[in-house]
Structure formats: C-alpha cells, structure tokens
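Please read the structure below before turning to the comments.
The values are calculated or read from the model by the stated rules, or taken from the named source; none is laboratory data. Predicted model, so just to flag it, every value in this text is computed and none were measured. With ideal geometry, Cβ positions are generated from the backbone for all residues, glycine too; neighbour counts draw on all protein chains shown.
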Amino acid sequence: MKRIALLVFGLLFLTQIYTQSLDERLKALSERYDFKYKSLKVDTFFTEKYLLEIKQPVNQKKPDGETFTQRVFLSHLDFSAPVIFITEGYAAGYAKNSRYINELSLILNANQICVEHRYFGESIPKPINWEDLTISNAATDHHKVVEILKKLYSGKWVNTGISKGGQTAMYHRYFYPDDVDLTVGYVCPLNFSVEDKRIYRFLDQLGDSISRKRIFDYQYEMLSNKAAYLPSFKEVADKRKLTFKMGLMEAYELTVLEYPFAFWQWGTTPVDSIPLLFQSATSLVNHLDRVAGIDWISDQGIKRLQAFFYQAMTEIGFYGYDISPFSDVISFSENPVFDFAVPENVTIVYKKEPMQNVDHFIRHKAQNMIFIYGETDPWSATSVDITYNTSVYKFVKKGGSHLSRILNLPTNQKEEVIRQINDCLQ
C-alpha cells in the first residue's frame with residue numbers, strides 16, 4: 001500500500017511539473033530537492049536563464065555529512081528540446097554571461113546546463129578537505145544534477161566539456177554511463193602518470209626541423225644567459241605583484257621549459273615571430289610572457305589553480321619537463337613535475353587505477369562518445385585510444401590547436417561530426 005501511495009504521489013508530482021512554467025517547475029523542484037534558484041539576464045537565443053545553487057555532500061558516500069553549494073547555470077529553450085550538459089572542469093562564472101552559448105546548443109537547438117566543478121569558483125567546501133576532491137565525487141555531483149533536472153527535460157542529453165571539462169565529461173560517463181545519450185569531449189587528455197612522457201615524444205616531432213630548432217635556440221638562449229633576462233622577468237612580475245615561493249630563478253626556468261608546450265598548444269604564435277637572439281632582453285622576456293605566461297607559475301596563479309594541481313597529482317595525471325637538452329644550463333637535477341603546486345602540508349599519492357579504468361571503459365565498453373582534437377595540440381599526445389571500440393569516434397583537426405571545435409573544423413569533417421552526433425541521438 002505504501003509503495004502504491006508513493007507511486008501515486010510521484011505521478012501527481014510529474015503531472016503538476018509538466019503543466020507549469022519553468023519558474024513554477026523550478027519552485028516545485030527546489031522544494032523537493034532543497035536548492036535555491038534565481039533568474040538571470042538572458043540574450044536572444046535562450047528564452048530564460050537561471051542560477052541554481054544545489055547542496056551537495058562533500059563526500060558523496062556520506063550524504064549526511066558536510067555539504068557545499070554547487071553553482072549550476074540553466075539556459076532554457078524548450079522542455080522537449082535536447083539538453084547540452086556542460087561539465088566544466090574549473091570555475092564556471094563565464095556561464096553567467098547572458099550571451100554565453102555552447103556550440104552544441106546552436107548545432108542541436110538545445111537547452112544548456114553548465115555545472116561548476118567542485119572546489120572551483122564559488123563551489124568550494126569550507127573547510128576544504130582535499131581528500132574529497134576525487135573524480136568519483138565530482139561524477140556523483142553531476143549525476144545528482146542530472147537526476148534533478150531530468151524532471152524538467154524530456155529530450156536527449158549530451159554531456160560535454162573542453163580540456164579538463166572534457167576529462168570531467170569522460171569521468172561522469174564512466175561512473176554513470178546511462179545519465180546521458182552522448183558525450184562530446186574537446187581536446188581532453190587521458191593521462192596515465194604525473195609525468196606522462198608521451199608529451200615529450202610528441203613535442204620532439206611537432207612541426208618541421210626549422211621550427212623545432214628555432215624554438216630550441218630561443219629556450220637555450222633564455223636558460224644559458226639567465227643573468228641577462230632575470231631582471232626583465234622580475235620587472236614584469238613586480239608590475240603584476242606576482243610572487244614566487246619556489247624562487248625567482250626556478251620560476252623563470254619552469255616558464256622557459258613550458259614555452260614549447262604553450263607555443264604548440266594554442267597555435268597562435270608564428271614561428272617567425274620568435275625573437276632573434278640579438279634582440280633586447282625585454283623583447284625576449286615579453287615574448288616568453290605572451291606565449292607561456294608567467295602568471296600561472298606564480299604563487300597567485302598556483303593558488304587559483306590549486307584544485308587542478310591536486311587532481312593532476314593524485315588522479316588525472318599531467319606532464320613534466322624533459323630537461324635533458326638543457327642539463328648543462330639549468331638548476332634542476334631531474335625532470336620537474338608539479339608536486340610543488342599542491343596545497344602545503346597535504347600528502348599526495350598518485351593513484352593510477354582511476355585513469356586505467358576510464359581508459360578500459362572507453363576502449364571496450366563505451367558507446368556514443370565523440371572526441372575532437374587538434375593535430376598540433378600537445379594534449380593530443382595523450383588523447384583517448386579508441387582502437388578497439390567502433391562505438392566511440394575521434395576526429396583530429398589537421399593543423400588544429402587546443403582551440404579546435406566542431407564549428408571551426410574543415411567543412412567535410414564538420415559535416416561528418418554533426419552527422420555522427422545526429423546518428424548517436426536517433
């Protein structure tokens with residue numbers, strides 16, 4: 001009898017939901033699931049937009065324990081239209097912009113939901129327990145958001161993300177394969193260690209020999225004549241009030257080591273714009289800042305990205321720097337990795353099993369997943385392997401960078417991706 005009563009209550013709830021406006025439906029859902037929401041300004045593509053503040057357990061295995069508030073940005077078009085579910089890997093403040101539209105929302109004429117990742121932006125637990133920042137907990141965050149908002153939308157669901165957001169979409173799909181009908185991941189790596197050496201081999205083969213030599217010569221000059229360039233580096237840092245606990249020289253060397261990765265990742269720097277070695281120190285340092293950037297390795301940059309570095313060093317992996325070509329002009333005695341960027345007094349142990357499990361899922365079990373990569377993006381070195389799975393698709397943009405997207409693919413490739421998307425959603 002109790003079971004029948006619950007079923008009747010559920011049917012009455014759904015009947016009520018589907019005859020109301022979006023605001024009324026959100027009100028009913030918020031009362032049932034205990035979240036707050038408020039209306040936001042919207043531009044012309046969507047008809048309504050809301051910020052939802054959803055309470056999540058810090059440890060999803062302890063639902064009665066500590067909680068935090070997770071920001072979710074909902075942009076509404078039609079209750080029966082598809083839903084683009086954006087699993088942002090970092091902060092999602094940009095999604096508040098009234099003009100923000102994901103390209104898949106345009107392609108599929110879809111509603112849009114963007115979820116800020118736990119421990120980023122305004123979705124940070126207080127106090128922070130770093131042990132609860134896991135891909136499992138984050139995937140369950142997304143699962144619970146899907147559970148709630150599927151009460152609103154009856155169309156197909158697509159989860160997606162760019163770079164770390166694409167990784168997050170992979171993890172969500174691994175833990176909850178039935179939450180969505182399709183996954184579209186952009187330029188998202190699947191790393192297997194804190195120093196995935198596939199990156200080194202990839203960089204050694206990128207471009208032609210002339211380009212690689214010019215990049216190497218620039219780096220070697222910057223490292224072999226540090227005394228000439230450190231003052232300019234410090235001047236740029238001081239103007240921005242950046243500090244470096246690791247030491248100015250170490251920060252400088254790491255920035256120079258980062259240069260080729262950043263150069264190829266974004267693909268926006270012509271090779272002939274690399275300064276010639278007889279130019280001023282200011283010119284060479286300013287170029288380094290434009291390409292590699294000195295902010296992210298500063299104390300301030302590390303603090304802003306600390307949750308990412310923690311994840312990289314414990315589960316999702318990263319890259320380091322091969323110092324062998326510069327061993328005679330650098331202070332590091334072994335390849336540096338980013339363990340220095342994790343929170344102080346926090347013990348880190350890299351767990352290899354999570355990424356191995358995700359890899360096995362994608363290669364052997366996953367269905368309806370599409371990945372977009374850029375040919376010259378170093379993150380393509382650690383792209384997903386789909387050799388054994390004909391239900392997962394990978395597209396690589398020739399000459400493409402980390403900015404590769406569906407709508408900037410060559411026409412034939414773009415049409416093929418869109419056709420595949422539509423086939424997966426049939």
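Looking at region 236-258, I want the residues that are not assigned by TED's automatic domain parsing to the domain that holds residue 298 and have a partner that is surrounded by 13 or more Cβ atoms within 10 Å (Cβ to Cβ) and β-branched (Val, Ile, Thr) with Cβ atoms under 6 Å, at least 6 apart or on another chain. Which pairs are those?
Correct list of pairs: empty, since none qualify.
If you scan region 181-235, which residues turn out to be in contact (Cβ under 8 Å) with a residue 40 or more places away in the chain, assigned to a helix (DSSP H, G or I) and under 26 Å from the mean Cα position of the chain (by Cα)?
Hits for region 181-235 are 198, 199, 200, 201, 202, 203.
Restricting to region 146-159, what's the tally of residues that are touching a residue at least 40 places away in the same chain (Cβ under 8 Å), outside any helix (DSSP H, G or I) and surrounded by fewer than 24 Cβ atoms within 10 Å (Cβ to Cβ)? Walk me through how you get there before you give the answer.
Taking region 146-159 as the starting set, the residues that turn out to be touching a residue at least 40 places away in the same chain (Cβ under 8 Å) are 146, 148-149, 151-159.
Then keep just the ones that are outside any helix (DSSP H, G or I); that gives 151-159.
Filter once more, so that each one left must be surrounded by fewer than 24 Cβ atoms within 10 Å (Cβ to Cβ): 151-157.
The number of residues fulfilling the criteria is 7.
Here is a yes/no grid of residues against (1) touching a helix residue (DSSP H, G or I) at 6+ places or on another chain (Cβ under 8 Å); (2) closer than 16 Å to residue 113 by Cβ; (3) among the charged types (D, E, K, R):
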{"position": "136", "(1), (2), (3)": "yes, no, no"}
{"position": "151", "(1), (2), (3)": "yes, yes, yes"}
{"position": "158", "(1), (2), (3)": "yes, yes, no"}
{"position": "170", "(1), (2), (3)": "yes, no, no"}
{"position": "178", "(1), (2), (3)": "no, no, yes"}
{"position": "196", "(1), (2), (3)": "yes, no, yes"}
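Here's a check for you: in region 334-358, which residue that is among the aromatic types (Phe, Trp, Tyr) and within 20 Å of the chain's Cα centre (by Cα) is nearest to residue 321 (Cα to Cα)?
That would be 338.
Where in region 244-333 are there helices (runs of 4 or more DSSP H), lying fully within it, with 1 or more residues that are farther than 21 Å from residue 196 by Cα?
Here the list reads 248-266, 281-291, 299-304.
Would you check if residue 412 is surrounded by fewer than 20 Cβ atoms within 10 Å (Cβ to Cβ), in the same structural domain as residue 82 (by TED's automatic domain parsing) and not basic (Lys, Arg)?
In short, yes.
Considering each residue of region 365-383, count those that are crowded, with 23+ Cβ neighbours inside 10 Å and in contact with an Asp or Glu (Cβ under 9 Å, 6 or more places away or on another chain), and give that number.
Count: 0.
Name the single residue, out of those in region 100-145 being among the charged types (D, E, K, R) and more than 21 Å from residue 158 (Cβ to Cβ), that is surrounded by the fewest Cβ atoms within 10 Å (Cβ to Cβ).
126
Among the residues of region 148-205, count how many are acidic (Asp, Glu) and closer than 14 Å to residue 83 by Cα.
2
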